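The structure under discussion appears below in the form of C-alpha cells.
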Amino acid sequence: MTDPWNPPTEQHSATARLVALDKLCVWHPFTQMKAWCAADHEPLVLVDAEGAVVWDSDGRSYLDGNSSIWTNIHGHRHPGIAAALRSQLERIEHASFLGTTNAPAIELASRLVARVAPASNLRKVFFTDNGSTAVEVALKMALQYWQLTGRADRCHFAAFDHAYHGDTSGAASLGGVGSFFDRFAPIQFQPTRVAGLADLFALPDEETSRLAALIIEPLVQGAGGIRLWPPGLLRDLRAWCNRTGTLLIFDEVLTGFGRTGTLFACEQEGVWPDFLCLAKGLTGGALPLAATLTSQTIFDAFLGEFEELKTLFYGHSYCGNPLACAAALASLDAFETESTLEALQPKIRLLSSLLEELKALPQVRETRQCGFIAGIELAGASGEPLDWRLQTGARVCMAARPHGLLTRSILDTVTLIPPLCITEEQLRTAVHALRLGLESL
Ligand SMILES: *Cc1c(COP(=O)(O)O)cnc(C)c1O
C-alpha cells in the first residue's frame, strides 16, 4: 500500500501530490469538505500572481475576480509593497506590542489618524489581525467604556438583518445571516436586530437607553449578499445615535481602502463613527492586519491608576506586527503615488455599463453595485429567485473559470469585486467570462 503522505512521485505530478495531501490534511473555511474531498473535485493550486492575475500549478491564468476574498487592492506582488516587506524583513519581522512598540506600527497609526482627522473624532488606533477581531475589540471597548463612565446598564448592541461582521463569537453574534450563525446561538449574545431605520426609530426608550452601540457595514452589506443601503442612511443613523447616546461602529472591513470609490465608504455621506473597523484591504491584501480606530473621549475613559483596573485587557500575539504594518504603509503610499482613487472612477463607470449589459440576460434577476463591489443575482427560467440548494451561483463561477475568471458567489448572487488595479481591458474580459459562465447554464 502506498503511504498517503509520501505518494510515489513517478505516479503523481507535483499538483496531484499537493491535492492529495490537501484532501488528506486540510480543512478549508466556509467549505463543505465532502464535496471538496470528492474524487472528481480538482481544487486549483495557486502558485503565482502578478497584478490582477493569478496562475495555477498547471500554468493557467485567471483574473482575480474577488480580490482573493476582498483583500487585494493594488494587485498581487505590488512592487512597492514587496520592497517594503523585504526591507522590513532586514530589520525585525515581529515584535511584541505588549510592552514594546515598533516604527512601522507607529507610522501607520499616525498615517491613519492623520487621514481621518480633523473630519472625524477618531484619534486612537488599536491593531489586531483580522476583520472579526477589529469588530470584537470595538465591542469590548464600547462595553467597557460605558462601565467606566457609570452606565453599566448600556450593555446591549444593535445590528442589522443580513449583516456580517466576522466569525469570532462576539462578531458572529452581530451577524444577521442565520444560516451561518444560528447554530452557535448557545455561545453568542442576542443583539437588538433591526431591518432598517424604521425598526430602529420604533425601538422603545427602555431598549435604546440600554444600547452600548449600533454596528453597520456602511453603504453596502457584503457577505449578506451585496445589499445596498439607501443613500443618506448613515447620516440618519449618526443623528439617531447622537440623540440616543448610542455609540456608532462602522465595519469598513470590506468597504475600506477604496472599494466603494472613496478611501472610506462613510466619507460619501460625510459621517464618521465612534469606532471604525478596518482590515481586509489595509495591507493592500498582502498580509493579515486590522485596525480599530476610536475617539479621544473613549480612550480617555480607560485612563487611571493600575489598581483601578480600567485597562483594556485585550490583545493578540501579533498586534502591531511590523511586517504587516510596513505593507499597509506601502499600500497607503501606492494610493498616493498611483492616484488609485482617481484612476478607479472611470473603471467604476465601466463596471456599471458592463453590469447593465449583463442585466439584459435572462439568467440575471438583478445587478447591484457600490463602487467596485458588484453582485449579480441570478434568476430562474421565468425570472423567479432560484432554489439555493441547486448552487447555481457556485456553478456559474465554476463555468467562468475555464474562461479565465476566478470568483465566488453568495448563494445565487455572483460577486465581482476585483482589485482596484485591474485594467479596463481586464475588467471587460472578467465580465465576458462571467457572461459565458451564465450562458452555459
Ligand atoms: C470579511 C469581513 C469581516 C471579517 O473579517 P475577517 O478578516 O474575515 O475576520 C468583518 N466584516 C466585514 C464587513 C467583512 O466583509
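The values are calculated or read from the model by the stated rules, or taken from the named source; none is laboratory data. Worth saying up front: this structure is predicted, and the values here are computed from it rather than measured. Here the Cβ is made from the backbone with ideal geometry for all residues, glycine too, and neighbour counts use every protein chain on show.
Some values worked out for this structure:
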read-out: Residue match in region 412-431 (condition: without any contact (Cβ under 8 Å) to a residue 12 or more places away in the chain and among the acidic types (Asp, Glu)); value: yes
read-out: Residue ID - farthest from the ligand (Cβ to nearest atom), chosen from residues in region 242-252 that are in a loop (DSSP other than H, G, I, E, B) and in contact with a helix residue (DSSP H, G or I) (Cβ under 7 Å, 6 or more places away or on another chain); value: THR246
read-out: Filter pass, ILE226 being within 16 Å of the ligand (Cβ to nearest atom) and closer than 25 Å to ALA328 by Cβ; value: no
read-out: Residues that are within 16 Å of the ligand (Cβ to nearest atom) and either loosely packed, with under 14 Cβ neighbours inside 10 Å or not in a loop (DSSP other than H, G, I, E, B) (or both), drawn from region 166-213; value: SER169, GLY170, ALA171, ALA172, SER173, PHE180, PHE181, PHE184, ALA213
read-out: Criterion (in contact (Cβ under 8 Å) with a residue 60 or more places away in the chain, among the β-branched types (Val, Ile, Thr) and more than 16 Å from the ligand (Cβ to nearest atom)) met by exactly one of THR255, THR294, THR283, THR260; value: THR294
read-out: Test: residue in region 150-165 that is surrounded by fewer than 21 Cβ atoms within 10 Å (Cβ to Cβ) and in a helix (DSSP H, G or I); value: no
read-out: Those residues of region 406-424 which are out of contact with any Asp or Glu (no Cβ under 9 Å at 6 or more places or on another chain) and not in a loop (DSSP other than H, G, I, E, B), in sequence order; value: SER409, ILE410, THR415, LEU416, GLU424
read-out: All positions within region 214-241 that are within 14 Å of PRO273 (Cα to Cα), touching a residue at least 12 places away in the same chain (Cβ under 8 Å) and either of a type in the set (D, E, K, R) or not in a loop (DSSP other than H, G, I, E, B) (or both); value: LEU214, ILE215, ILE216, GLU217, LEU233, LEU234, ARG235, ASP236, LEU237, ARG238, TRP240, CYS241
read-out: From ALA16, ALA39, residue being small (Gly, Ala, Ser), part of a helix (DSSP H, G or I) and modelled with pLDDT of 95 or more; value: ALA16
read-out: Scan of region 77-87 for residues that are crowded, with 24+ Cβ neighbours inside 10 Å and in contact with a strand residue (DSSP E or B) (Cβ under 9 Å, 6 or more places away or on another chain), ordered by number; value: HIS78
read-out: Condition check for GLU366: in a helix (DSSP H, G or I) and either within 28 Å of GLU338 (Cα to Cα) or over 20 Å from the mean Cα position of the chain (by Cα) (or both); value: no
